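What follows is one structure encoded as C-alpha cells, with my remarks underneath.
All of the numbers you see were taken from the coordinates with simple rules; none came from a lab. Model, not experiment: these values are computed from the prediction.
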Amino acid sequence: MKSWSKFALTATALTLLTIETASAAGCLKGAVVGGVAGHYAGHHAVLGAVGGCVVGRHMAKKHAEEQAAQHKEAQPQ
C-alpha cells in the first residue's frame with residue numbers, strides 16, 4: 001500500500017470516529033465543497049472532502065449555538 005493511501009485511510013477512520021452520526025449538519029455541504037476544492041488543488045478530492053466535512057460540521061455547530069443564544073435573548077422573562 002502506498003503511503004498516501006495509508007494516510008487517506010487513517011484520516012478517514014479518525015474522522016468517522018470523531019463525527020457524531022445523528023447530527024451531520026454541515027458535513028455533506030462541507031464535504032462537497034471540500035471535495036471539489038481538493039480535486040482542483042491537486043487531485044486530493046478525498047482529503048478535501050474529509051476536511052470539508054470537519055469544517056462544515058464545526059461551522060454548523062457554531063451557527064446553531066449563535067441561533068440558540070439569540071433565541072434565548074429574545075424571550076422575555
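Eight or more residues apart or on different chains, and alpha-carbon atoms under 17 Å: count the Lys pairs in the chain matching that.
Summing the qualifying lysine pairs gives 4.
If you wrap a convex hull around the alpha carbons of the chain, what volume per residue comes out, as a whole number of Å³?
Spread over its residues, the Cα hull of the chain gives 88 Å³ apiece.
In a Gaussian network model over the chain where Cα atoms closer than 10 Å are linked, find which of Ala45, Ala25, Ala13 has the largest mean-square fluctuation.
Ala13
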